Amino acid sequence: MDQALAEARAAAARGEVPVGAVIVSPAGEVLASAGNRTRELSDPTAHAEVLALRAACAALGSERLPDHDLYVTLEPCPMCAAAISFARIRRLYYGASDPKSGGVAQGARVYAHPQCHHVPEVYDGLAAPEAEGLLKGFFAARREV
């Protein structure tokens, strides 16, 4: 989660919402990491999770990542939760919950739908205070401007 938090801090430094994601192989090696880049790439799908999934899949030459784990600083939105399911991620670890836009424990609850073909093991609250602090600080600074 430390590397995901570093990616979130780097995203904030770029003016992006501070969310970071890291994909870890079954051997425990970091396969891919990313931070949000929606503004930089002018791409509404350039969330940290999606970028990390793309990089990991490209590295393996596969559209699926069975037995891989994803660490992300914020509860994935519905789009990212679906992408995580499509990639067949084994375990999802996330920090801060997202009552406004979450798609796992909040809002859409993508994994609770019968149409969801793969549900990762989900662990929440990992480094939540630090992840929440990054987000709150980022948005507080935006309101001051």
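The values are calculated or read from the model by the stated rules, or taken from the named source; none is laboratory data. Because the structure is predicted, anything quoted here is derived from the model rather than measured. Here the Cβ positions follow ideal geometry from the backbone for every residue, glycine too, while neighbour counts run over all protein chains shown. Heads up: the accessible areas ignore ligands, DNA and RNA and are worked out on the full protein's heavy atoms, side chains in. Shrake-Rupley method; radii C 1.70, N 1.55, O 1.52, S 1.80 Å.
Quick notes on this structure:
Residue-wise test of (1) assigned to a loop (DSSP other than H, G, I, E, B); (2) closer than 21 Å to Leu5 by Cα; (3) in contact (Cβ under 8 Å) with a residue 24 or more places away in the chain.
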site	(1), (2), (3)
Ala81	no, yes, yes
Ile89	yes, yes, yes
Tyr93	no, yes, yes
Lys100	yes, yes, no
Gln106	yes, no, yes
Tyr111	no, no, yes
Pro114	yes, no, no
His117	yes, no, yes
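- Long-range neighbours under 7 Å by Cβ, at least six apart or interchain, first residue without any contact (Cβ under 8 Å) to a residue 60 or more places away in the chain within the range 3-16, second β-branched (Val, Ile, Thr) and assigned to a loop (DSSP other than H, G, I, E, B): Ala11/Val17; Ala11/Val19
- Filtered residue count, the range 25-35, keeping only those that are open to solvent by 20 Å² or more (accessible area, probe 1.4 Å), part of a strand (DSSP E or B) and either among the aliphatic types (A, V, I, L, M) or in contact with a Lys or Arg (Cβ under 6 Å, 6 or more places away or on another chain) (or both): 2
- Residue that is most open to solvent (accessible area, probe 1.4 Å) [pool: residues in the range 56-79 that are under 16 Å from Thr38 (Cβ atoms) and outside any strand (DSSP E or B)]: Met79
- Residue count for the range 103-145, restricted to those that are out of contact with any strand residue (DSSP E or B) (no Cβ under 8 Å at 6 or more places or on another chain), on the phi < 0 side of the Ramachandran plot and either of a type outside the set (S, T, N, Q) or surrounded by 14 or more Cβ atoms within 10 Å (Cβ to Cβ) (or both): 23
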